[in-house]
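The structure under discussion appears below in the form of structure tokens.
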Amino acid sequence: MRISIVLVFLFLLCSTISFASDKDSLDVYLKKGGAAFANNDYPKSLEFFHKALEFDSLNVNALHNLGVLYSMKQDHHMSLGYLRMAVAQDSTDPDIFNSLGITYSNLSDTSKAIDAYRRALAMDQNNLNYLHNLGSILTASGNHKEARKYLEKMMALDSTDSEAHFLMGNIMLAKKDYAGAEKYFDIAVEREPEKARFLYFQGLAKDRLKKRDEAEKIYLHALQLHPDYFEAHQRLGVLYVIRQQYPEALEQFKEALRIKPDDIDTKVFLGAVYMYNNMPEEAEGIYDSLVVINPDAAQRMLELIGTPED
């Protein structure tokens, strides 16, 4: 009897030690995963969080972090799987819903992304990151009325938030309120003057307002910061055509086509600009290629040759 009691005690002691050991190992791997993530060592972080799941396959911390890491690796389907498991374990963490929104957005599932962002924001209504993500996707999807509500709240919470002003500028631009867009883009650029994306849209608003000298300088600044900014090259080329600076326009459209060799609009503009520069053979080459791949674009090129873009 005494031997049996001793054996039972030893079994319970070993089980307790084993459980404690597993718990310690889980915590160690979670901490290592977090530290690697903080140090931007994402492969190691991925490895450690996978190790953590070997000790607890439903650990929310590990599942959520793996979802984020796979999203960063552009493996969005894998990310979605881990984030769905995470939210199944804990539906009260707004960060998980925010991460889920990001992944759905990357998968072009706008409706589910909006729903996930809304759920995150419902749990933390003043979170600037959640407000930005929801405001941004609503702006991109054309739901400007609802987007403005969140962006205005962002600016009320933090009047220095350049991204909120930038997104508001985009809404104004879509409404063809170019003066309103200019105002918001000016503020965004004032706060982050070295962000090429802000500069391009600031230039675009001024361009639409026919402030073309200002627009030219801004486009050029954006291109200094980001030499392969396709849209800036293309729009600057159009500006030069309007001002009949055809050699400068040719340079911009050549650069745009270098960046996106298959872009039809750029080929149309380039073909027309070759003619403006008295280069008929080059223009004919572009035209002949367009006739084969896109006859409507070839016709558009002929129209541009007759009437330069305004």
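Readers should treat all values here as calculations from the given coordinates under stated rules, not as data from a laboratory. All of these numbers come straight from a predicted model, not from anything done at the bench. For neighbour counting, all protein chains shown are included, and Cβ atoms are generated from backbone atoms with ideal geometry for every residue, glycine included.
What residues of the stretch 191-221 lie in the reach of a label at THR160, counting those whose backbone N is under 15 Å from a point 7 Å from the Cα along Cα→Cβ?
Taking a point 7 Å out along Cα→Cβ of THR160, the residues of the stretch 191-221 whose backbone N falls under 15 Å are 191-193.
What is the order of LEU239, LEU100, LEU304, fewest Cβ neighbours within 10 Å to most?
Lowest count first: LEU304, LEU239, LEU100.
Please give the charge dipole size of the stretch 197-308, origin at the Cα centre, charges +1 on K and R Cβ atoms and -1 on D and E Cβ atoms. Round to the nearest 20 debye.
About 600 debye.
If you stretched the chain out fully between THR110 and ASN143, how much longer would it get, using 0.36 nm times the residue separation minus the C-alpha to C-alpha distance?
10.7 nm
Using the count of nearby Cβ atoms within 10 Å as a rough guide to exposure, how do MET155, MET275 rank from fewest to most?
In increasing order of surrounding Cβ atoms, one gets MET155, MET275.
Select from the chain the helices, each a whole stretch of DSSP H, whose alpha-carbon atoms run 30 Å or more along the helix axis and whose Kyte-Doolittle mean is at least 0.0; answer none if there are none.
2-38
Taking neighbour Cβ counts within 10 Å as the exposure measure, how do ASP288, ASP93 sort from fewest upward?
ASP288, ASP93
Would you work out the relative contact order for the chain, in percent, from Cα pairs under 8 angstrom that are 6 or more residues apart?
6
Please report, in Å, the Rg and the Dmax of the stretch 174-310, where both are computed over Cα atoms only.
15.6, 48
Looking at this model, which pairs from LYS175/LYS195; LYS176/LYS206; LYS145/LYS210; LYS183/LYS210 are more than 21 angstrom apart at the alpha-carbon?
LYS175/LYS195; LYS145/LYS210
How high is the relative contact order of the stretch 189-264? Use alpha-carbon pairs under 8 Å, at least six apart in sequence, and give a whole percent.
Taking the mean separation of contacting Cα pairs over the length of the stretch 189-264, I get 23 percent.
What lysines sit close enough to LYS31 to cross-link, taking a C-alpha to C-alpha distance under 19 Å and skipping anything fewer than 8 places away on the same chain?
Partners found: LYS23, LYS44, LYS51.
Identify, among ALA297, TYR240, PRO261, the residue whose Cα sits farthest towards the positive end of the charge dipole of the stretch 225-301, taking +1 on the Cβ of Lys and Arg and -1 on the Cβ of Asp and Glu, with the dipole about the Cα centre.
TYR240
Rounded to whole Å, give me the distance from the Cα center of the stretch 87-146 to that of the stretch 210-259.
Here the answer is 35 Å between Cα centres.
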